[in-house]
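Asker: Here it is, the structure, as structure tokens.
The values are calculated or read from the model by the stated rules, or taken from the named source; none is laboratory data. Because the structure is a prediction, the values reported are computed rather than measured. We place every Cβ from the backbone using ideal geometry, glycine too, and count neighbours over all the protein chains shown.
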């Protein structure tokens, strides 16, 4: 819920503001003169046009670009006309394909040259949310029925939703959206002033890369490469090993790939991991990618036994060392993965173990540290980089930026490889040159230009990163302890749920206290229709979807709980406690916004805000209990989620 509508007691989750009050309008509001039309669509249009003209854009082009953004914005609204007739540009300016220079000239009185420029840059114009939906694979696409993507979230803020989904993906916050929108406006103004698309978008990408480097304290010679997702960074890591200057078959040692991502084993083998790529290429899933070695092998090291229990660290590390030693002895080049953390909060192997292996084997193997959950301090990242590890991170897990924002942090030795050799040719379906350090010779095989949607998603994530880093580490720990207590109480109060234990998180003695605390809580759900077992993966996914749905039409006896939209982590397949088959375990996770402050709760003081957040944890578990108690009914109707709750008015 937008802060302007938040009641003093925080009790009203269903109101929504007009477009003139929403986050995407915030960066423009100061440019809107008093006394203009109250119509939301036209106010949105007038504000952006005024902003662009104030930034040296020719008035006709400014009005046309503003109309494009306003028309796309209006597509998501039930009614933004306010009783005023729609402007003649509303339909043509909302089209995916430009209506053409002649139409643009007629609509806005543009010269032929200006209309041609607008037509040329059409794909880079629009709203921040529309642009953030580009540059990813099919999982990023919005379902037209629900207005949500494959992760059940939105690039537009969804503040009425209770969100503890940072182990998977989150909807944008107002803070993140505004940061992305400011970056979008800067690119739009540059394009309309005649800057080339490659330079305007490249500047946006470079700003994101610099921001990531500053946040993690990268040093001279270390580099950042942007990637559309954590799985794309895995493919990049394999490509970087191809540049190591050896002509040896590769053994890729993965740690619990079932607890990272479905596509990771394929990407780690040099195979396409979906049916399309971040740059929009249709591919065959599991088919070889051009230029990657066909003899790359995998060794999977499990972190759980067949019964689902966490295996002893000493046993896991013994298996890793045996696989590494054997592969090196037979002339292979090895990539050893570390996992910090898994989907359920597991860390393996320990930094001390990696340090010992580096001391024994030197540079004969590469270390790739999967820190895509990003639940660690910059100091811990620094320790991994000092080991020569390539560190994979995302802005879309703990930091709660929009989904599909990955990056690889390259230690100096690995970054130097970009100066020699050539990346595998098939990487051109996934990356552009601009995602790499400027002028890197190895990236010449990639297409010119950059992934604009990816850059905007990172700008949103960086706003959340900066907000988190402003909170003292001791305060972060205090909040995470409170969250853990609220989760434990919620699980204890809900019949059929059981919290799954996880070992303590310990990297080095220099860990900040907060990063040793659990922030992902995984739990099983006893099947109400088959109490001898837990919910299967498919059944747990139904709970996950129904939590994200306003259920009040089917469960009217408890509307305060049934109507609340709750977004949590997707189910993870684990062994059934009874030893037969797999169950689906759900997750609730603390994200950076819990610590830095959810922007839609800004009107509340710090104490009241946290009380509200912890009470929302209780709502999540109360709704799970309600779902389990009404399993047969909900299974029969199988309701679908939506961007807005059903009781919300389209615009107030």
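Asker: Can you tell me how many residues in the stretch 422-444 are assigned to a helix (DSSP H, G or I) and surrounded by 18 or more Cβ atoms within 10 Å (Cβ to Cβ)?
Answerer: Number satisfying all stated conditions: 9.
Asker: On to the next question. Take the residues of the stretch 493-504 that are loosely packed, with under 14 Cβ neighbours inside 10 Å and touching a helix residue (DSSP H, G or I) at 6+ places or on another chain (Cβ under 9 Å): which is farthest from residue 574 (Cα to Cα)? Please lay out each step first, then the result.
Answerer: Quick first cut of the stretch 493-504, residues loosely packed, with under 14 Cβ neighbours inside 10 Å only: 493, 495, 501, 504.
Next, from what is left, pick out any that are touching a helix residue (DSSP H, G or I) at 6+ places or on another chain (Cβ under 9 Å): 493, 495, 504.
Numbers: 493: 23, 495: 20, 504: 19 Å.
Here the residue is 493.
Asker: When the stretch 157-188 is examined, which residues are found to be assigned to a helix (DSSP H, G or I) and more than 14 Å from the chain's Cα centre (by Cα)?
Answerer: 174, 175, 178, 179, 181, 182, 183, 184, 185, 186, 187, 188, listed by residue number.
Asker: In the stretch 289-299, what residues are free of Cβ contacts under 8 Å to residues at least 60 places away in the same chain and surrounded by fewer than 17 Cβ atoms within 10 Å (Cβ to Cβ)? Full working, then the answer.
Answerer: Quick first cut of the stretch 289-299, residues free of Cβ contacts under 8 Å to residues at least 60 places away in the same chain only: 293-299.
294, 295, 297, 298, listed by residue number.
Asker: Just name the residue that is modelled with the lowest pLDDT out of those in the stretch 82-118 that are outside any helix (DSSP H, G or I), surrounded by fewer than 16 Cβ atoms within 10 Å (Cβ to Cβ) and touching a helix residue (DSSP H, G or I) at 6+ places or on another chain (Cβ under 8 Å).
Answerer: Among residues in the stretch 82-118 that are outside any helix (DSSP H, G or I), surrounded by fewer than 16 Cβ atoms within 10 Å (Cβ to Cβ) and touching a helix residue (DSSP H, G or I) at 6+ places or on another chain (Cβ under 8 Å), the one modelled with the lowest pLDDT is 84.
Asker: Could I ask something else about it? Kindly list, by first and then second residue, each pair from a residue in the stretch 161-177 that is in the same structural domain as residue 602 (by TED's automatic domain parsing) and under 14 Å from residue 457 (Cβ atoms) to a residue that is buried (at least 24 other Cβ atoms within 10 Å of the Cβ) and modelled with pLDDT of 95 or more, limited to pairs with Cβ atoms under 6 Å and residues at least 6 apart or on different chains.
Answerer: Qualifying pairs under 6 Å: none.
Asker: Among the residues of the stretch 562-575, which ones are over 18 Å from the mean Cα position of the chain (by Cα) and buried (at least 20 other Cβ atoms within 10 Å of the Cβ)?
Answerer: 562, 563, 564, 565, 574, listed by residue number.
Asker: Name the single residue that is farthest from residue 600 (Cα to Cα) among those in the stretch 135-156 being in contact with a strand residue (DSSP E or B) (Cβ under 7 Å, 6 or more places away or on another chain) and part of a loop (DSSP other than H, G, I, E, B). Give the steps one after another, and end with the answer.
Answerer: So in the stretch 135-156, the residues in contact with a strand residue (DSSP E or B) (Cβ under 7 Å, 6 or more places away or on another chain) come out as 137-138, 152-153.
Applying the additional criterion that residues be part of a loop (DSSP other than H, G, I, E, B) yields 137, 152-153.
Working: 137: 30, 152: 20, 153: 17 Å.
Checking each candidate, the answer is 137.
Asker: Would you call residue 218 farther than 17 Å from residue 401 by Cα, crowded, with 22+ Cβ neighbours inside 10 Å and touching a residue at least 12 places away in the same chain (Cβ under 8 Å)? Lay out the reasoning, then the answer.
Answerer: On the way: farther than 17 Å from residue 401 by Cα: yes; crowded, with 22+ Cβ neighbours inside 10 Å: yes; touching a residue at least 12 places away in the same chain (Cβ under 8 Å): yes.
Yes.
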